[in-house]
Every structure is written in structure tokens, then in C-alpha cells.
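The values are calculated or read from the model by the stated rules, or taken from the named source; none is laboratory data. Predicted model, so just to flag it, every value in this text is computed and none were measured. Please note: Cβ atoms are built from the backbone with ideal geometry, for glycine as well, and neighbour counts cover all protein chains shown. Quick note on the areas: whole protein, heavy atoms, side chains included, nothing else; ligands and nucleic acids left out. Shrake-Rupley method; radii C 1.70, N 1.55, O 1.52, S 1.80 Å.
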Amino acid sequence: MSKLLVSATGLAAATALTFGAAGPQAAASTTLLPAGHSFSAQLTGKATFVAGSTTMTCTVSSSVPTSGANNKVPAAPANHNAAGPVTVPVNPPTFSGCTTSIAGVSVTVTSNATNGAWTLSTQNGAPVTGGFTIPKGGVVLKTSGFASCTITASPTGPTAVNGTWTNGAPSTLAIANAPVPATVTGGFLCPTGNQSATFSATYRITDTTDPSQHITVTS
């Protein structure tokens, strides 16, 4: 494997998704609704991580509410920002069903909040934008077999991975080729050192407090 490229198509990122706050460019008024409702983020399609010519694909990824403020729209008026995004802490997404394109090489993908919180940010605009913040070291990919490497995303600090939010039933967050720094360690055939990476994912954002309602972004 040569240089690292990480991409995920679907909902991730347990790299993430994965794969981290959004970095919306506009500073318009933003409201996240319904206030006080919990939500889940579920991968649609596949999460794909590419390292050089090697493709690593995960079929399952999600971030679901547990307790506390994670995966929960803030109560009013904190669900509104008159001049910027609304940011919500979320549980680290999980990844499973992961495979590689190289015979004899398997991969596991894990996420964590050891060095800081994962967050979801949304910004009203045209288009509406959103994204995750991956904390320092928040995603780790480990290959085994023919090549045993450890790939750590966002190794020195938080990284925002941004995309487009579409209101709907459910709403979706699509992240395409967002840059993510990474560090690779390991033995023979591992592209060790600092690497350039990207992350792509599509998540369905579902209201778990009242499934008849939908998590939406407005002014």
C-alpha cells in the first residue's frame, strides 16, 4: 500500500465516520428541529476506505442515542443560532461488516471519544450544510493478514468533515471527499508516516423520540 486515502460512501464513518463540527461557510440564522428530540444516524449504502490501491468497505455504521445530551437536539432556545451553526454532541459512530479488496487482508474500523467529543453541526443556507467533527485519534483502522497496519485518523487534533444536509423523511447528511489527516504505523507494506486522507459518507438522520416527526434544519 502506498499513500493513504480514506473515503466512505453511505453513512459512516463508525470512521465516519464517519468518520466529526461542521465548517459551514455561511453565517445565516440556523434552527434545528424538533427541539429536545433524540436522533440516530444510520449508514445508507456502504462506507468505503481506500488506502492507495486498497479499498476497505464497511456495510454497517451508525450513531445512536443513549443517555444525556448526545444525539439530542438542544431544547429551545439553544436549538437556534442567529448567526451560525447549531452543534450537537453525538456518540461515536460504529462500523462493522468491513472487508478489503486485497485477498488475505482483513480490516476492523473503530471510533472513540477518548480525546474529545464527536459533534454534529448543521448550518442553514443554500444548500443547507452539515458535518461531523472527529476528535483527535477518533477513528482507527487496523488491517491484518498480508499487511498489518494501523491507520489513525485526525492524529493531532479535531477534524471537521463537512457535507450537504437535505431535509426529508428522513433527512440525510451526505459528505463527499472531505479531507482528513491520518498517520499510519506498522510493518512491511504499510505506508508509515503522515498521510493525506478523505472521508465520504451518507447518513439518514431519524427522529427516535417521535418517528412520525423528522429532524430538519431551517432559519
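How big is the antiparallel share of DSSP beta bridges in the chain, given as a percent to the nearest 5?
Working: 73 of 75 bridges.
Here the share of antiparallel DSSP bridges comes out near 95 percent.
If you roll a 1.4 Å probe over the heavy atoms of the protein chains, what accessible area per residue do you get for the chain, in Å²?
That works out to 40 Å² for each residue.
Would you kindly find the accessible area of C190, with a 1.4 Å probe and non-protein molecules such as ligands, DNA and RNA excluded, rounding to the nearest 10 Å²?
Taking all protein chains as shown, C190 has close to 20 Å².
Calculate the all-directions average of the projected area of region 134-219's alpha-carbon convex hull, and give it in nm². Spell out each step's value before the answer.
Working: hull surface 30.5 nm².
Averaged projected area of region 134-219's Cα convex hull equals 7.6 nm².
Please report, in whole Å³, the volume per residue of the convex hull around the C-alpha atoms of the chain. Please report the intermediate quantities before stating the final value.
Values: hull volume 22.0 nm³, N = 219.
Residue-normalised Cα hull volume stands at 100 Å³.
Under a Cβ-only charge scheme (Lys and Arg +1, Asp and Glu -1), can you give me the dipole magnitude of the chain about the Cα centre, in debye to the nearest 20?
Numbers: 6 positive and 2 negative charges, 64 e Å.
The dipole of the chain has a size of about 300 debye.
So what is the diffusion coefficient of region 37-126 in µm² per second by Stokes-Einstein at 4 °C and 1.567 mPa s, using a Kirkwood Rh over Cα pairs?
Numbers: Rh = 15.2 Å.
It diffuses with D of about 85 µm²/s by this estimate.
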